[in-house]
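Read the structure below first, then the notes.
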């Protein structure tokens, strides 16, 4: 027979054990989408196959004919995605020139896209800034980029969606110190960060460390991998020199996704993780097969649930 004193001791011991074994941080909670870019301008096939593979959302983009078909019929796109049981987390709105002479044009274009995204049931509008050509990037360029995405973010939020800045190879925010400089000049109240694991890796950074650093900025993830091309050095390089590197399916490149997901768990990230692959890297494979490879890696290696 267990005495009252023994019972209290058992309970106390259990509480201590629970405190010791309980994770210090709650696990991240991601919803997984897939970017239609792999299919080129065949966005209808992309939507169908992304849904068939089991992803929960799709990232679509301007410039592939989508707006020609649905630009004045956003409700039709919304209905199509609902039929496929796909959310619409992110719309790639295209490039953002930081040329002051084009500011009004840029704001008008991307604000128009934001209104479309809102009407189609979307959540985030992605922009990538254009790195100045023919000259070195200056401190004023970083400041200008941060200020412009802040101003655009205000207009986009008024349209009902959230602007996310996508740091990117061959953009002003290419390397880690450049991403930092852009965000230092931006206002997180009006713009957030779409963090891309492969672009940050190729830019010379540590994706896991950046996830911790920008935990209050990150609204969306691009889960993406990158490998060296034959003869490539594996070091940082711009997209203009992309003959040295290649984007590949998850787990086939240099991104340490175990470390990435440990960081996501540490910050308790709760949001969209969009798997992106610009094009199929190996001959003879279809976009759908690459999507299936990525799904298996998420489920079997990273133990994620789609």
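Results, tabulated for the structure shown:
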item: In degrees, nearest ten, helix 287-296 long axis to first principal axis of the chain (Cα); result: 20
item: Estimated FRET transfer efficiency when R0 is 35 angstrom, pair residue 296-residue 158 (beta carbons, to 0.05); result: 0.25
item: Alpha-carbon gyration tensor eigenvalues x 5, square-rooted, for the stretch 22-163, Å; result: 28, 21, 15
item: The stretch 88-163-the stretch 262-281 distance, computed between alpha-carbon centres (Å); result: 22
item: Between 0 and 90°, nearest 10: helix 257-267 axis offset from the chain longest Cα axis; result: 70
item: The chain - mean residue ellipticity at 222 nm from DSSP helices (-39,500 (n - 2.57) per run, n ≥ 4, rounded to 500); result: -12500 deg cm²/dmol
item: Order by protection proxy (mean Cβ within 10 Å, highest first), peptides 205-218, 116-129; result: 116-129, 205-218
item: Among 277-285, 89-97, 246-254, 70-78, the order from most to least packed when residues are scored by Cβ within 10 Å on average; result: 89-97, 246-254, 70-78, 277-285
item: Crossing angle, helix 74-83 versus the chain [Cα axis fit, 0-90 degrees, rounded to tens]; result: 40
item: Prolate/oblate/rounded call for the stretch 30-301, Cα gyration tensor, a/c under 1.5 rounded; result: rounded
item: DSSP-defined beta bridges in the chain - what % are antiparallel, rounded to 5; result: 10
item: Contour minus Cα-Cα distance for residue 52 and residue 105 (0.36 nm per residue); result: 15.2 nm
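Each reported figure results from applying straightforward, stated rules to the coordinates on display, with no laboratory input. If you're wondering where the values come from, they're calculated on a predicted model, not measured in any experiment. So basically every Cβ, Gly included, is an ideal-geometry build from the backbone, and we count neighbours across all protein chains shown.
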